[in-house]
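Derivation of every value follows stated rules applied to the coordinates shown; laboratory data play no part. Since the model is a prediction, treat every value here as computed from it, not as a measurement. Backbone-built Cβ (ideal geometry, glycine too); neighbour counts: all protein chains shown.
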Amino acid sequence: TSTGDKHDEL
Amino acid sequence: MNVFRISADLLHLLSIFILLLKMQKTRSVAGISFKTQLLYTIVFIARYLDLFESHAEKSFELVTLYNIVMKIIFISSSVYTLYLMKKKFRATYDPNTDTFRIEYLLALCLFLALMFNYRFTVMEVLWTFSIYLEAVAILPQLFMLSRTGEAETITTHYLFALGFYRAIYLLNWIWRFHMEDYVDWIVWISGAVQTALYSDFFYIYYKKVLHGEKFVLP
C-alpha cells in the first residue's frame, strides 16, 4: 500500500 | 470522515484564508514569521509527496478526491505565502524580529523521524518528519510574537484558527479510536505537543482579543 492510502488524514 | 475531522480541516483552510487576507488587505507581512511559513511549506511538501505517486491502482473514493484537492491547496497557498513575503511585500518584513534558529528544529525532527517511524522507507520517514515538524513549526512565530510583544488582531485570528484546528483533530482521534479502533501514536503525540505549544497564546487571545482588546503580552 502507498503512504497516501495508509495515512488518510491531512 | 467525521464532523471533527471536517471541521478541523475547514478551520485550517480558514486560517490560511485569514493569513492571505491579512497580507492583501494591509499590504504588509509585518508580524508574520517567514521562518514559520517556510517550515509549513516544507511540512506540506514532505507529507504530500504521495500526490506524485500513481493514483491508477487506487480505489477512487470521494475522500481520496477531497484529500487530493486539500493537499494541492495547502501546498500552493504556502508557496504563494512565501512568494508574497519574499517578493511582493518584502519591504514590510522585518528579519530582526524573526530570529528563531530553525536549523535546530529541522535537525531534531529529522533525527526523531529516522529513529521513530512506522517503516524505514523514504516516503514514511518524510511523512513522519513532516508530522514532527508541523508540531513545532509555530515556534518561530510565537518567538517573534514574544519579541514584539503585541500583534494585529487579524494576525491573532490567524494564529487562533491555526492552533485550534489541531485541537479539534484531537477530538477526531478520540472519535476514531472509539468508532474505528484507529491508533496512530506518532500523530497523537505530535498533535498533543502542537496544541500544547499554543496554550499561552490561547489564554491571552481569550482574555484580550475576544473581549475587544488589542493582543498585548502581559
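Brief remarks on what is shown
- Between helix B:3-26 and chain B there is an angle of about 40 degrees, using the helix long axis and the longest principal axis of the Cα atoms.
- Each pair of Cα atoms in chain B enters the Kirkwood radius, and Stokes-Einstein at 4 °C and 1.567 mPa s then converts it into a translational diffusion coefficient of 71 µm²/s.
- Relative contact order of chain B, defined on C-alpha pairs under 8 angstrom at six or more residues apart (%): 32 percent
- Taking 0.36 nm per residue of separation and subtracting the Cα-Cα distance, full extension of the segment from B:Arg147 to B:Glu213 would add 21.8 nm.
- Amide H contacts of B:Glu150 (H built 1.01 Å from N, under 5 Å, at least 5 apart or other chain): B:Leu217
- Acute angle (nearest 10 degrees) that the helix B:34-47 long axis makes with the longest principal axis of chain B, alpha-carbon atoms: 10 degrees
- Reachable lysines from A:Lys6, criterion Cα separation under 29 angstrom, eight or more residues apart if same chain: B:Lys58, B:Lys71
- Selection from B:Ala8, B:Leu210, B:Val136, by position along the positive dipole direction of the protein assembly as shown (Cβ): B:Leu210
- D (Stokes-Einstein, µm²/s), Kirkwood Cα radius, the protein assembly as shown, 1.567 mPa s at 4 °C: 70 µm²/s
- Contact order for the range B:29-118, expressed relative to its length and based on alpha carbon pairs under 8 Å spaced 6+ residues apart, stands at 51 percent.
- Convex hull volume per residue in cubic angstrom - Cα atoms of the range B:87-208: 139 Å³
- Computed from the alpha carbon positions, the gyration tensor of the range B:150-218 leads to an equivalent ellipsoid with semi-axes of 30, 11, 9 Å, biggest first.
- Peptides B:151-162, B:128-139 ranked from most to least packed give B:128-139, B:151-162, packing being the mean of other C-beta atoms within 10 angstrom over each peptide's residues.
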